[in-house]
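Shown next, in structure tokens, is the structure this report addresses.
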Amino acid sequence: MEGPTSHNYFSQRLRLHYVDWGNEEAPPMLLVHGGRDHCRNWDWVAEALRGEYHIIAPDLRGHGDSQWLLGGSYNQVDYVYDVAQLLHQRQHTPVTIIGHSLGGAIALLYTGLYPETVTKLVSIEGMGPPPAIIEERMTRPPAERLHTWIEELRHIAGRIPKRYKSLEDAYERMQTENPHLSEAQARHLTIHGSNQNEDGTYSWKFDNYIRAFPPIGLPQEEANELYGRIACPTLLFHGKESWASNPEEDGRTQCFKNVQVASIKDAGHWLHHDRLEEFVALTRAFLAE
């Protein structure tokens, strides 16, 4: 099967990358990856759905083959702007969106901002840490949050990106990160998620500065208000072995108008890799409703 074509677009003067899986006469679909990931993480999902949709998948700023940010912070609202620009420039709406983790959070916020442009929404663990952790983080005094952020940035500035002697070493790190991955999945993600350095070693493509948690962002109450603006049917996925909590059990689905939750056994945070066939089957059934 032929893979996707590679393209660039510009947002806030950054050159950002995305791939296009073709089938332009079909309904549009956008796939948004999570933190420290890349657009080719969606290849198996895209291959399953490309016959029914015109799929594009971006590399978020600081990830994959998109430019790194120089100055400022990687903030969720800037990611939302980048996605809005891609859909606007490509005239890729009305659109079905599937997002994972950070990408799921971006998808939720974008859909709350532009509810008329999204027909169906799937978010894989895109609501962040459990509510108690979010509340504890956001109730810290502003000075404490800012001091923590500054120290974190200073630490990252002195951090040398990890260099792996071989692609095999990088693959082994990928496999350790998610033991659910098959050997083929881990190798595929490693090949598309790393670059070879001039000395022959390999490093991950993402910018280490994405690790710094921004000290200022949308308060949870305002995020909930945006979730309440989402007009389309929404499916929230949860992996039962994940660190994230089930949004139905912790009460976070209450602000949605039309939402359902699928909790997947034997799956962690990357459940669309861990239980690919089940994920695709449930997603396809939801999209067909």
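All Cα-Cα distances of the chain, cut into 10 Å bins from zero to the largest, leave 6, 28, 37, 24, 5, 0 percent in each bin in turn.
Peptides 155-162, 68-75 ordered by packing proxy, namely the average of other Cβ atoms within 10 Å per residue, highest first: 68-75, 155-162. Amide H contacts under 5 Å for Ile124: Gly99, His100, Ser101, Gly104, Phe237, restricted to partners 5 or more places along the chain or on a different chain, H placed in the peptide plane at 1.01 Å from N. Here the peptides 210-220, 37-47 are ranked by packing, the mean other Cβ count within 10 Å, and the order with the highest first is 37-47, 210-220.
Of interest is the spacing of the C-alpha centroids, which for segment 42-96 and segment 144-177 amounts to 23 Å. The calculated 222 nm mean residue ellipticity attributable to helices in the chain amounts to -11000 deg cm²/dmol, summing -39500 (n - 2.57) over DSSP H runs of n ≥ 4 and dividing by all residues. Debye sum, Cα scatterers, segment 145-289, no solvent: what log₁₀ I/I(0) at q = 0.10, 0.11, 0.17, 0.20 1/Å? So the normalised log intensities are -0.54, -0.65, -1.15, -1.18.
Each residue, Glu25 and Ile133, gets one label point 7 Å from its Cα in the Cβ direction; the gap between the two is 4.7 nm. Exposure proxy shown here: for Glu183, Glu249, Glu152, the number of other Cβ atoms within 10 Å sets the order, fewest to most, as Glu183, Glu249, Glu152. Could you give log10 I(q)/I(0) at q = 0.13 Å⁻¹ for segment 189-250, computed by the Debye formula over C-alpha point scatterers of equal weight, without solvent? Debye output, listed in q order: -0.72.
The lysines within cross-link reach of Lys240, meaning a Cα-to-Cα straight distance under 28 Å and a gap of 8 or more places when in the same chain, are Lys120, Lys257, Lys265.
Model label points for Glu289 and Ala231, set 7 angstrom from Cα along the Cα-to-Cβ axis, are 1.9 nm apart. A cut-off of 5 Å between modelled amide H atoms, ignoring neighbours fewer than 5 places along the same chain, links Val118 with Val95. For Phe286, Phe237, the sequence from fewest to most other C-beta atoms within 10 Å is Phe286, Phe237. With a simple spin-label model that places each label point 7 Å from the Cα along the Cα-to-Cβ direction, the separation between Glu152 and Leu167 comes to 3.4 nm. Working ranking of peptides 14-27, 51-64 by packing, defined as the average number of other Cβ atoms within 10 Å per residue, highest first, is 51-64, 14-27. FRET efficiency for the Ala281 to Glu249 pair, using the beta carbon distance and R₀ = 30 Å, is estimated at 0.85.
Bear in mind that the values in this text are calculations on the coordinates, not laboratory data. As the structure is a prediction and not an experimental result, all values here were calculated from the model. Glycine gets a Cβ as well: all are built from the backbone with ideal geometry, and neighbour counts include every protein chain shown.
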